1. Taking the Cβ of I56 as the centre, find all other residues whose Cβ is under 14 Å away and add up their charges (Lys, Arg: +1; Asp, Glu: -1).
2. Report the calculated FRET efficiency for A197 and N137 (r = Cβ-Cβ distance, R0 = 22 Å), to the nearest 0.05.
3. What distance in nm separates the simple spin-label points at Q49 and N271, each placed 7 Å from Cα in the Cβ direction?
4. Order these by the 10 Å Cβ neighbour count, fewest first: M158, M147.
5. Counting other C-beta atoms within 10 Å, which of K48, K161, K114, K296 has the fewest, and how do the rest follow?
6. Please compare each pair in K114/K296; K215/K296; K114/K160; K215/K260; K71/K260; K61/K296 to a cut-off of 26 Å on the Cα-Cα distance and tell me which ones are over it.
7. Roughly how many nanometres apart are two label points built 7 Å out from the Cα toward the Cβ at K70 and I92?
Amino acid sequence: MLRLLSCLGFSFLKLVVAKLTKAFYTMPLSIIPPIPPRRPPDPFLIGKQRIHLPSISSLLKSLVVEEADKKKHAYFTFVFASGRSTDSEGQIGLVCDALGTPEIALSLRDEVYKDCRLTVDSLLDIDMLDEAMAHINDASWPKRPHMILCATGDINIMVKKVLEPYVTDNGLLVRPGPIEPKSDELVGLGTQHTFRAQTEPNGGCLVAFANPWWKDRIVFLCGGIHGIGTVGALWLLNEYLIGNGQQWGNNLSDPNVPGKLFESIEREYKNPIKEFRKLVPPHDVCNLTTKFPKLKFSE
């Protein structure tokens, strides 16, 4: 008798499941609630703190690591473009992508981390990617660095990789300020003004956003359409680190965005120099006019 009741119960359960399944698949689409789109993380939040360029030094100080000996330690890595990744466009990084990096390292040591240990190193993008993937989402890794990405995503693969989590399901990039969608363009956040290589080759951008792999670390993107834009972004980052950025603030179009879009002003050389198209390979290596001010801000 128990066996018969068990079989009847199982048959009844199968019938109910079949009826419910049929009802679901024949339900009018208007009745089925839509699946809400995935909301990417806010790129400008570190914990509950919003990144603000003029006060970036204070935020960096609050993110130091306390190590076993109770000493506070901060880690920074400059990431340079190699052009070696299969996802890059193959162009080599430029020597001017490193201009200003020693000054930034000194500012970090002397202005931001006076009372802390500081380790600063430099890696190519393909090396940084390997190291990051070995510790991705590992909040216990003590040496997880803040990253300064030199050059844009067409040749520096780390730019593309750290921005991937900020892409929505429909493919729209959640722009942390002015991020380049192509190798020859920089697009503004609020004005949607586009710097193009043909008309404004000296365009550059500085953007600070949360590292999606280590939530308590900041990524600084210093890039430009050409090398001079990257140089301008590195100089600008240094000015914010030493406390001279109050006059420029955050993004002019959206003050909640820690990103600046600008044109660098080329230096006029007194001695003859080669046309950059005649260099092998062709590339532009040029410095800026003076120490500061030497940028024309758009956002």
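A short reminder: the numbers here are calculations on the coordinates, not readings from a lab. All values reported here derive from a predicted model rather than from experimental measurement. No Cβ is skipped: glycine too gets one built from the backbone with ideal geometry, and neighbour counts run over all protein chains shown.
1. +2
2. Details: r = 36 Å, r/R0 = 1.66.
Taking R0 as 22 Å, the efficiency between A197 and N137 is 0.05.
3. Distance between label points: 4.5 nm.
4. If I rank by nearby Cβ atoms, fewest first, I get M147, M158.
5. Taking fewest neighbouring Cβ atoms as first place, the list is K48, K114, K296, K161.
6. On the way: K114/K296 32 Å; K215/K296 32 Å; K114/K160 33 Å; K215/K260 22 Å; K71/K260 34 Å; K61/K296 30 Å.
Flagged as over cut-off: K114/K296; K215/K296; K114/K160; K71/K260; K61/K296.
7. 5.1 nm
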